[in-house]
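All remarks here apply to the structure that follows.
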Amino acid sequence: MSTFITEVRETLAPSRSDRFGPLPPLLIAMTVVTGLVDAFSYLVLGHVFVANMTGNVIFLGLAVADAQEFSVPASLVAMGAFMSGALAGGRLGAVAGRHRARLLAIGTLVNIGLIGAARELDLPPDTLIYVGDDERDMRAGLAAGMRVVAARYGYLGSELPPEQWNAHAIVDAPGELLGFIDAAK
């Protein structure tokens, strides 16, 4: 039992000469914070589950720890954009969720706005990637001329399996998107 306690202590408070430095306690702290964020968002933001952001929290921690190929600004932008979208979606669902037609109309206008912003930034649709967890997402992205990726994690409300959604790729975890993005460059 004393070996276990010693290992826990060394993980939570590593010595200065530890080969991993402060990384283990930072990863543990990020895991706790991510759990709190997931719990808070689900309970407060209209049952929005943000487990997809867990990877970005870890990437942020690795970037702060100076791990190569990880970027603090990129992680913060991804997390900020997701939080903005989750907050807006939660509020929208709370206000218009009982009126499905209104919710659809507002969602459509938001998508039109995003497509307009992409055009203003001179980003052709075929350079954009639309990630979704429902067959409708794939149809919307394809109709807009975008490359589409089906996420097996998340809603998955379609009766058809993701293999039949005409997606360019199917991913089982958020980290797999990086491979698709790199291949698409």
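The values are calculated or read from the model by the stated rules, or taken from the named source; none is laboratory data. This one's a predicted model, so the numbers in the text were calculated from it and none came from an experiment. Glycine gets a Cβ as well: all are built from the backbone with ideal geometry, and neighbour counts include every protein chain shown.
Key figures
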{"item": "Residue 136 under 25 Å from residue 173 (Cα atoms) and not in a loop (DSSP other than H, G, I, E, B)", "result": "yes"}
{"item": "Selected residue (only one of 35, 55 is part of a helix (DSSP H, G or I), of a type in the set (Gly, Ala, Ser) and modelled with pLDDT under 70)", "result": "55"}
{"item": "From 119, 91, 98, residue being at pLDDT 80 or above and of a type in the set (Lys, Arg)", "result": "119"}
{"item": "The listed residue being surrounded by fewer than 17 Cβ atoms within 10 Å (Cβ to Cβ), outside any loop (DSSP other than H, G, I, E, B) and not assigned by TED's automatic domain parsing to the domain that holds residue 59, out of 173, 117", "result": "117"}
{"item": "Evaluation of residue 63 against (1) within 23 Å of residue 133 (Cβ to Cβ); (2) surrounded by 18 or more Cβ atoms within 10 Å (Cβ to Cβ); (3) at pLDDT 75 or above (one fails), failing number", "result": "(1)"}
{"item": "Subset tally (residues that are of a type outside the set (D, E, K, R), without any contact (Cβ under 8 Å) to a residue 24 or more places away in the chain and either over 21 Å from residue 177 (Cβ atoms) or touching a strand residue (DSSP E or B) at 6+ places or on another chain (Cβ under 8 Å) (or both)) for the stretch 118-131", "result": "2"}
{"item": "All positions within the stretch 152-169 that are among the aromatic types (Phe, Trp, Tyr) and either at pLDDT below 90 or exposed (fewer than 12 other Cβ atoms within 10 Å of the Cβ) (or both)", "result": "153, 155"}
{"item": "Where residue 145 falls short, out of the listed (1) modelled with pLDDT of 80 or more; (2) closer than 28 Å to residue 59 by Cβ; (3) not in a helix (DSSP H, G or I)", "result": "(2)"}
{"item": "Residue satisfying condition, being in contact (Cβ under 8 Å) with a residue 40 or more places away in the chain and either farther than 28 Å from residue 70 by Cα or touching a Phe, Trp or Tyr at 6+ places or on another chain (Cβ under 9 Å) (or both), within set 162, 174", "result": "174"}
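Matching residues to (1) under 22 Å from residue 91 (Cβ atoms); (2) of a type outside the set (A, V, I, L, M, F, W, C):
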{"residue": "107", "(1), (2)": "yes, yes"}
{"residue": "111", "(1), (2)": "yes, yes"}
{"residue": "114", "(1), (2)": "yes, no"}
{"residue": "120", "(1), (2)": "no, yes"}
{"residue": "126", "(1), (2)": "no, yes"}
{"residue": "132", "(1), (2)": "yes, yes"}
{"residue": "139", "(1), (2)": "no, yes"}
{"residue": "143", "(1), (2)": "no, no"}
{"residue": "149", "(1), (2)": "no, no"}
